[in-house]
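Asks: The structure follows.
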Amino acid sequence: MEHTVTTATIELRHYRHDDLPQIRQTLLDVHADAYADEMDDEFNQKFPWFVDHWGKNPGFACVIAYDQDEPVGFAYGAPAAPGREWWREHLSSPPEDPSTFSFSELMVRPKWRKTGVSEQLHTALVRPRPEAHAVLLVDPDHPKVQALYEEWGYRTIGRQQPFPDSPNFAVMLLPLGAGRDENLA
Ligand SMILES: CC(C)(COP(=O)(O)OP(=O)(O)OC[C@H]1O[C@@H](n2cnc3c(N)ncnc32)[C@H](O)[C@@H]1OP(=O)(O)O)[C@@H](O)C(=O)NCCC(=O)NCCS
């Protein structure tokens, strides 16, 4: 029987750096399903490297959504290293409080899309953060994803290509907490 997805059954669980060995395979499994149609892309094939890169950061924070114990999506990130925030070359002057959370990944398995799980994951990960801003990189060839982030309050401030084989990403910034009231140039 087809399983009907309702957000009522979604549980969000928080994880940190020390939990990486426990959740690593779950992240890889969710990614394999979320990107099943795009796994011929070499950048997507590097996902295990990215999981380890982000997961080794002592400030790594991750939220995984479970539907009755089945992992269906996740969001993760880590505090940006001061001076190396993705917004740095795109603002004419740094914000008064430059503390920034780099929102690195968000994905939801196809069956659980359009249910609100993605926004729940984003809210659970980013809203409790102590930093003044969240920043993310999104492929501008995916304008509907970019539009989703705009709905959640992000604005595009520039472009950045972190690796030669990565997309030329749009950089998007979201003021958090007290930072919401700052007038960013
Ligand atoms: C991004 C994501 C979490 C959003 O989930 P959601 O809020 O349930 O929203 P949807 O899946 O309906 O996506 C919104 C729109 O963006 C499009 N979209 C989503 N991911 C896309 C991608 N990787 N490439 C191109 N378009 C994409 C969807 O087709 C949808 O368009 P539609 O409204 O015409 O159907 C989910 O689509 C996903 O996991 N996508 C693959 C991973 C991804 O792209 N993550 C973002 C990296 S910055």
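The values are calculated or read from the model by the stated rules, or taken from the named source; none is laboratory data. Computed from a prediction, not measured in an experiment: that's the story for all the values here. Glycine also receives a Cβ, built like all others from the backbone with ideal geometry; neighbour counts cover every protein chain displayed.
Asks: Any idea which of Ala147, Ala170, Ala75 is assigned to a helix (DSSP H, G or I) and within 14 Å of the ligand (Cβ to nearest atom)? Talk me through it step by step, then tell me what you get.
Replies: Details: Ala170 fails: assigned to a helix (DSSP H, G or I); Ala75 fails: assigned to a helix (DSSP H, G or I).
Exactly one residue qualifies, and that residue is Ala147.
Asks: Here's something else I'd like to know. Please state which one of Leu121, Leu136 is within 28 Å of Asp67 (Cα to Cα) and either assigned to a strand (DSSP E or B) or β-branched (Val, Ile, Thr) (or both).
Replies: Going through Leu121, Leu136 in turn, just one is within 28 Å of Asp67 (Cα to Cα) and either assigned to a strand (DSSP E or B) or β-branched (Val, Ile, Thr) (or both): Leu136.
Asks: Cβ-Cβ under 7 Å, sequence separation 6+ or interchain: first residue in region 9-23 and surrounded by 15 or more Cβ atoms within 10 Å (Cβ to Cβ), partner assigned to a helix (DSSP H, G or I) and among the β-branched types (Val, Ile, Thr). Which pairs?
Replies: Going by the 7 Å Cβ cut-off, the qualifying pairs are Ile10/Val117; Tyr15/Ile23.
Asks: Checking the conditions here, which among Asp37, Asp19 is at pLDDT 95 or above and of a type outside the set (Ser, Thr, Tyr)?
Replies: Only one candidate qualifies: Asp19.
Asks: Here is a further query. Select from region 65-98 the residues that are over 13 Å from Thr9 (Cα atoms) and polar (S, T, N, Q) and list them in ascending order.
Replies: Matches in region 65-98: Ser92, Ser93.
Asks: For region 51-61, what are the residues that are assigned to a helix (DSSP H, G or I) and either surrounded by 13 or more Cβ atoms within 10 Å (Cβ to Cβ) or in contact with a Ser or Thr (Cβ under 6 Å, 6 or more places away or on another chain) (or both)?
Replies: Of everything in region 51-61, those that are assigned to a helix (DSSP H, G or I) and either surrounded by 13 or more Cβ atoms within 10 Å (Cβ to Cβ) or in contact with a Ser or Thr (Cβ under 6 Å, 6 or more places away or on another chain) (or both) turn out to be Val51, His53, Trp54, Gly55.
Asks: Going by the conditions given, is Glu105 among the acidic types (Asp, Glu), under 19 Å from Val63 (Cα atoms), within 14 Å of the ligand (Cβ to nearest atom) and touching a residue at least 40 places away in the same chain (Cβ under 8 Å)? Talk me through it step by step, then tell me what you get.
Replies: Details: among the acidic types (Asp, Glu): yes; under 19 Å from Val63 (Cα atoms): yes; within 14 Å of the ligand (Cβ to nearest atom): yes; touching a residue at least 40 places away in the same chain (Cβ under 8 Å): yes.
Criteria met by Glu105.
Asks: Taking Phe163 as the residue in question, decide whether it is of a type in the set (A, V, I, L, M, F, W, C) and either more than 13 Å from the ligand (Cβ to nearest atom) or over 24 Å from Leu27 (Cβ atoms) (or both).
Replies: Against the criterion (of a type in the set (A, V, I, L, M, F, W, C) and either more than 13 Å from the ligand (Cβ to nearest atom) or over 24 Å from Leu27 (Cβ atoms) (or both)), Phe163 qualifies.
Asks: Would you confirm whether or not region 36-50 contains a residue that is in contact (Cβ under 8 Å) with a residue 12 or more places away in the chain and not in a helix (DSSP H, G or I)?
Replies: No, because not a single residue in region 36-50 is in contact (Cβ under 8 Å) with a residue 12 or more places away in the chain and not in a helix (DSSP H, G or I).
Asks: Looking at region 108-117, which of its residues are within 7 Å of the ligand (Cβ to nearest atom) and either part of a helix (DSSP H, G or I) or surrounded by 20 or more Cβ atoms within 10 Å (Cβ to Cβ) (or both)?
Replies: Result: Val108, Val117.
Asks: State which residue is farthest from the ligand (Cβ to nearest atom) when the search covers only region 118-140 and only residues that are farther than 20 Å from Leu91 by Cβ and buried (at least 21 other Cβ atoms within 10 Å of the Cβ).
Replies: Across region 118-140, the extreme among qualifying residues is Leu125.
Asks: Here are Gln68, Gln45: which of them is on the phi > 0 side of the Ramachandran plot and modelled with pLDDT under 95?
Replies: Only one candidate qualifies: Gln68.
Asks: With the requirement that a residue be touching a residue at least 12 places away in the same chain (Cβ under 8 Å) and near the ligand (Cβ under 10 Å from one of its atoms), what does region 150-160 give you?
Replies: Within region 150-160, just Trp152 meets the criteria.
Asks: Cβ-Cβ below 6 Å, separation at least six or inter-chain, first residue in region 73-85 and more than 17 Å from Val171 (Cβ to Cβ) and buried (at least 22 other Cβ atoms within 10 Å of the Cβ), second modelled with pLDDT of 95 or more and among the acidic types (Asp, Glu): which pairs?
Replies: Tyr76/Glu105
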